[in-house]
Amino acid sequence: MTEEAAINCRKAAQLLSLASDRQLSTEELQALEFHLQRCGACRNFQAQLRFLDRAAKRFASR
Amino acid sequence: MSDTTTRDPRIAEIESHRPYLVRYALAQLRDAELAQEAVQEALLAALEGLDGFGGKSTLRTWLTSILRFKIADQQRRLVADRQRLESIDGEDGGGEAWLDDYFDEAGHWRDAPQPWNNPDGALEQKRFFEVFERCLDKLPSTGGRVFFRREVLGEETEVICATEGITPSNCWVLLHRARLALRMCLEKTWFAGEAGR
């Protein structure tokens, strides 16, 4: 991962959300993983997106 | 309604699912009046067929399956209007200025997400889902509808884009925006408060 390919939180959050709706490219996945390894806030966001997904499914079946 | 059904305690339970069913119908029909009509027809049909509900699925699943037929009826009536796609309420999804609410100029979180306390526990609480529903109601209408179809109903993004008449990239922007807003709402109204502790 080069410095040029590094992404910020804004882009990482976008990719995390996008990953719920379509397959990310290899480049997108690499950039995202590189960012997540270094960013606790985005890891929290990732966990919370997964939670939203579970909550929505549970909401439908209540 | 017959005397038999008026005495049935399941009627109140059926009625308690009305808000969910209206939301479901709205997601499909995009018209409040038509959605209310479809739900009303579905609930009447459910009451008439209550004895046929064997409890093999949850009551909500059973009611939803009846509602689907009523929605399909409404949609057939709307075929002539299919080409007239409504505007997406000014949420054109093209600009990204709204992201400035969440991220600074360098692209860092303005308010970095912190871990939530006991999210699994929240999923077991009725009160949490009341909060969840209120947060859904606060989403902008198109974004909220797209999110509901995608996350709650599990529809494919391509299908949602096509029927909403928006491009895939606008669809993804709407979903991302809805997720950020819903996350923020739950954090403020549940996880940061007493309930989330």
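Derivation of every value follows stated rules applied to the coordinates shown; laboratory data play no part. Keep in mind that this is a model prediction, so the values were computed, not measured. Cβ: placed from backbone, ideal geometry, glycine included. Neighbour counts: every protein chain shown.
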* Residues B:Ile66, B:Ile71, sorted so that the one with the fewest Cβ neighbours within 10 Å comes first -> B:Ile66, B:Ile71
* Structure fact -> The local net charge around A:Leu49, scoring Lys/Arg +1 and Asp/Glu -1 for residues other than A:Leu49 whose Cβ lies under 9 Å from its Cβ, equals +2
* **Cut-off under 5 Å, modelled amide H: who pairs with B:Phe103 long-range** => B:Arg110
* **Percent of C-alpha pairs per 10 Å bin, the protein assembly as shown, short to long** => 6, 27, 31, 22, 11, 3, 1, 0
* Asked: Summing -39500 (n - 2.57) over the DSSP H runs of n ≥ 4 in the protein assembly as shown and dividing by its residue number, what mean residue ellipticity at 222 nm do you reach, to the nearest 500 deg cm²/dmol?
  -> -18500 deg cm²/dmol
* For B:Asp111, what is the net charge nearby, where nearby means another residue's Cβ is under 12 Å from its Cβ and Lys, Arg count +1, Asp, Glu -1? -> 0
* To do: Over 23 Å between C-alpha atoms is what I'm after, so list which of A:Lys57/B:Lys126; A:Lys11/B:Lys126; B:Lys56/B:Lys138; A:Lys57/B:Lys138; B:Lys126/B:Lys188; B:Lys70/B:Lys138 land there.
  => A:Lys11/B:Lys126; B:Lys56/B:Lys138; B:Lys70/B:Lys138
* Asked: Between the range B:132-168 and the range B:17-77, what's the alpha-carbon centroid distance in Å?
  -> 19
